Amino acid sequence: MQPENRTVLAADPDWWRGAVIYQIYPRSYQDSNGDGIGDLVGIVERLPHIARLGADAIWISPFFKSPMKDFGYDVSDYCDVDPMFGTLADFDRVVDTAHRLGLRVMIDLVLSHTADVHPWFKESRKNRTNPKANWYVWAEPKGDGTPPNNWLSIFGGSAWSWDNRREQYYLHNFLTSQPDLNFHEPAVQEALFDVARFWLKRGVDGFRLDTINFYIADKYLRDNPPLPKALRNDSIAPSVNPYNHQLHLFDKNQAENLEFLRKFRAVLNPYGAAAVGEVGDAQRGLEIMAEYTSGGDKVQMCYPFEMLQPTRLTAALVADTFRRMEETAPDAWPCWAYSNHDVVRHVTRWGLTDAAARAYTTLMMTLRGSLCLYQGEELGLPEAEIAYEDLQDPYGLEFWPEFKGRDGCRTPMVWTTDNANGGFSDGTPWLPVKAPHLPLSVAAQEGDPASMLAHYRAALAFRRAHRTLRTGTMSEPRDFGDVVSFVRKGDEVIFCAVNLGAEPGEATLPTGIWERIATDLGSQTAQGGQVTLPPWGVCLARQV
Ligand code: NOJ
Ligand code: CA
């Protein structure tokens, strides 16, 4: 498709603020050619579902050329589509169709590392003198031949692998086949900006930036200090993973990253494009998010793991998170998600009933920040149980059975009920469609006003109808038992209280006269003073 024939959306450099971004995991959305793997043409077919849901944008997980050892998060050509997913022309159709439907398009740039079969790494590993010799993080062994320091890979074992040709170690924070690029090398940064420009010229509206805080490692390669057991948590890696035993002071989170992000922002600006960075850090996620998104000169949004944690998001945690943000960086801009392609689906992870899941969705739509929904959560899909024989995820294979990996949240989307593959594929799906998912298909819920899908549509419509929820301030975060409440201020003043518990709860309306809004989301009448919320109930009220 020629650039002049493409549909573009009205310029709005602030389009991302408060937006709802729907994440598509392309392998599992819709297969159009019967090979059992979702593809770009399949996405084109299903975009109307996302527009109907009321999302503002899509984020498509990687579809670039890749050996698929980490299912696309190991890129071997940043500027081409893997044949498994289609062609560049198919991608142009995705962009054009999305734009016609009013959806912005974000793609997933995996800049921190490449695949080991990327031509850059093939060249870099040849010897110590080639033009790309310094493009990856190479280091001498210690005197006894062991790795240069104690850094660990998230996917297990040392973060260093030996290379016979150079007789040096190279760094990888994930699989051994995902070598880390050396961001201290200016030519690497330039090459990555060119990648971003390639896609911006093709019409994308923004990027999700994989592992944004891993870009730069300490240039002195200092050891990470140990982290005492009492301070460990499993928010970014399962508790059985020794990665949690270190304080990650040196292998990531380096101050030099801020300068790289400023330059990256300068690449985005002429296109009015936006980026959301993934901040994986178990101790400092919220602070790093604030560092990277405040000041208006780095990325627009980041997502920390506060709401992706294994433990259920409580009223206290929500209030505390927003209190900390108010104190540290009021202009920071988070992007919240409960589910994605890396964590157990939240309905299962938090053990939510149908009523509870609805309350969490309503809560999300009232939060300050942008939001990511993960395909299938609008259907209330639980995690799929995957047998060991069906496992695909290398992370799951490494830590099975204590940690079962990420396949259970990556099974195909279910579109229809009358077909064993849920309408996903005419062939054999790469991961099985599990029986409990079939009755939750889009077709089964379509037209049922009591369905989870209808609830999601109503909750998104509510956010869309009140600009204050997207861009307004958030103040007075309070938790009282299981009830979390806060006030959003913008064109309107909106009081939000959500009972995240199975017992009735109480909230206190600030003084003034309030009228209830969003009654289809179950809100209660409110006239000042105390409000009683039924289990999983909400109170949404506008000051009059
Ligand atoms: C985070 C991605 O979300 C995950 O799927 C991937 O395995 C790692 N980064 C490595 O790229
Ligand atoms: Ca296919």
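The values are calculated or read from the model by the stated rules, or taken from the named source; none is laboratory data. In this text, all values refer to a predicted model and were calculated from it rather than measured experimentally. Virtual Cβ from ideal backbone geometry, glycine too; neighbours counted across all protein chains shown. To get the accessible areas, we keep the full protein, side chains included, count just its heavy atoms, and leave off ligands, DNA and RNA. Shrake-Rupley method; radii C 1.70, N 1.55, O 1.52, S 1.80 Å.
Just to verify a result, which residue in the range 104-127, among those that are among the polar types (S, T, N, Q) and in a loop (DSSP other than H, G, I, E, B), is most open to solvent (accessible area, probe 1.4 Å)?
Going through the qualifying residues, I end up with ASN127.
Is there any pair with a first residue in the range 1-29 that is modelled with pLDDT under 85 and a second that is assigned to a helix (DSSP H, G or I) and open to solvent by 80 Å² or more (accessible area, probe 1.4 Å) whose Cβ atoms are under 8 Å apart and which are 6 or more apart or on different chains, and what are they?
Pairs that qualify, where the first residue is modelled with pLDDT under 85 and the partner is assigned to a helix (DSSP H, G or I) and open to solvent by 80 Å² or more (accessible area, probe 1.4 Å), are MET1/ARG93; PRO3/LYS201; THR7/ARG100.
Among the residues of the range 301-321, which ones are touching a Leu at 6+ places or on another chain (Cβ under 9 Å) and open to solvent by 10 Å² or more (accessible area, probe 1.4 Å)?
Within the range 301-321, GLU306, GLN309, THR311, ARG312, THR314 qualify.
Look at LEU101 and say whether it is open to solvent by 50 Å² or more (accessible area, probe 1.4 Å), free of Cβ contacts under 8 Å to residues at least 60 places away in the same chain and either away from ligand 2 (no atom under 12 Å from the Cβ) or among the acidic types (Asp, Glu) (or both).
For LEU101, the condition - open to solvent by 50 Å² or more (accessible area, probe 1.4 Å), free of Cβ contacts under 8 Å to residues at least 60 places away in the same chain and either away from ligand 2 (no atom under 12 Å from the Cβ) or among the acidic types (Asp, Glu) (or both) - is met.
Could you list, in sequence order, the residues of the range 409-436 that are part of a helix (DSSP H, G or I) and surrounded by 22 or more Cβ atoms within 10 Å (Cβ to Cβ)?
CYS409
Take the residues in the range 227-257 that are open to solvent by 40 Å² or more (accessible area, probe 1.4 Å) and part of a helix (DSSP H, G or I), then tell me which one is nearest to TYR215 (Cα to Cα).
In this case the residue turns out to be GLU256.
Against the definition (open to solvent by less than 30 Å² (accessible area, probe 1.4 Å) and among the basic types (Lys, Arg)), how does ARG463 come out, yes or no?
In short, yes.
Taking interchain pairs and intrachain pairs at least six residues apart, which have beta carbon atoms under 8 angstrom, with the first residue in the range 326-347 and within 13 Å of PRO382 (Cα to Cα) and the second away from ligand 1 (no atom under 12 Å from the Cβ) and part of a strand (DSSP E or B)?
From the range 326-347, the pairs are SER339/LEU373.
Considering only residues of the range 26-75 that are surrounded by fewer than 19 Cβ atoms within 10 Å (Cβ to Cβ) and closer than 20 Å to ASP407 by Cα, which is nearest to ligand 1 (Cβ to nearest atom)?
Top of the filtered list is LYS69.
Report yes if GLY396 is open to solvent by less than 10 Å² (accessible area, probe 1.4 Å), without any contact (Cβ under 8 Å) to a residue 60 or more places away in the chain and farther than 22 Å from ALA315 by Cβ, otherwise no.
So GLY396 fits the description; yes.
Looking at the structure I just gave you, is VAL343 away from ligand 1 (no atom under 16 Å from the Cβ), farther than 15 Å from ARG27 by Cα and β-branched (Val, Ile, Thr)?
So VAL343 fails the test.
Taking the range 195-220 as the region of interest, how many residues are open to solvent by less than 50 Å² (accessible area, probe 1.4 Å), away from ligand 1 (no atom under 16 Å from the Cβ) and either small (Gly, Ala, Ser) or touching a strand residue (DSSP E or B) at 6+ places or on another chain (Cβ under 8 Å) (or both)?
6
Taking the range 140-166 only, how many residues are part of a loop (DSSP other than H, G, I, E, B), without any contact (Cβ under 8 Å) to a residue 24 or more places away in the chain and not polar (S, T, N, Q)?
6
Within the range 131-150, can one find any residue that is small (Gly, Ala, Ser), farther than 16 Å from LEU40 by Cβ, within 16 Å of ligand 1 (Cβ to nearest atom) and touching a helix residue (DSSP H, G or I) at 6+ places or on another chain (Cβ under 8 Å)?
No.
With respect to ASP223, is the statement that it is open to solvent by 10 Å² or more (accessible area, probe 1.4 Å), free of Cβ contacts under 8 Å to residues at least 24 places away in the same chain and over 28 Å from PRO310 (Cα atoms) true?
Here the answer is no, as ASP223 does not meet what is asked.
In this structure, is LEU352 surrounded by fewer than 23 Cβ atoms within 10 Å (Cβ to Cβ), more than 16 Å from ligand 2 (Cβ to nearest atom) and among the aliphatic types (A, V, I, L, M)?
yes
Looking only at the range 494-508, which residues are open to solvent by less than 40 Å² (accessible area, probe 1.4 Å) and under 15 Å from PRO477 (Cβ atoms)?
ILE494, PHE495, CYS496, ALA497, VAL498, LEU500, ALA507
Which condition number in (1) under 24 Å from ALA266 (Cβ atoms); (2) more than 16 Å from ligand 1 (Cβ to nearest atom) is the one that ILE21 fails?
The failed condition is (2).
For the range 399-441, name all the residues that are out of contact with any His (no Cβ under 6 Å at 6 or more places or on another chain) and aliphatic (A, V, I, L, M).
The answer is MET413, ALA420, LEU431, VAL433, ALA435, LEU438, LEU440.
Of the residues ILE50, ILE60, which is more than 16 Å from ligand 2 (Cβ to nearest atom), farther than 22 Å from VAL117 by Cα and touching a strand residue (DSSP E or B) at 6+ places or on another chain (Cβ under 9 Å)?
Answer to the check: ILE50.
Out of all the residues in the range 277-291, which are within 16 Å of ligand 1 (Cβ to nearest atom) and assigned to a helix (DSSP H, G or I)?
Once the filter is applied, which keeps residues that are within 16 Å of ligand 1 (Cβ to nearest atom) and assigned to a helix (DSSP H, G or I), the range 277-291 yields GLY285, ILE288, MET289.
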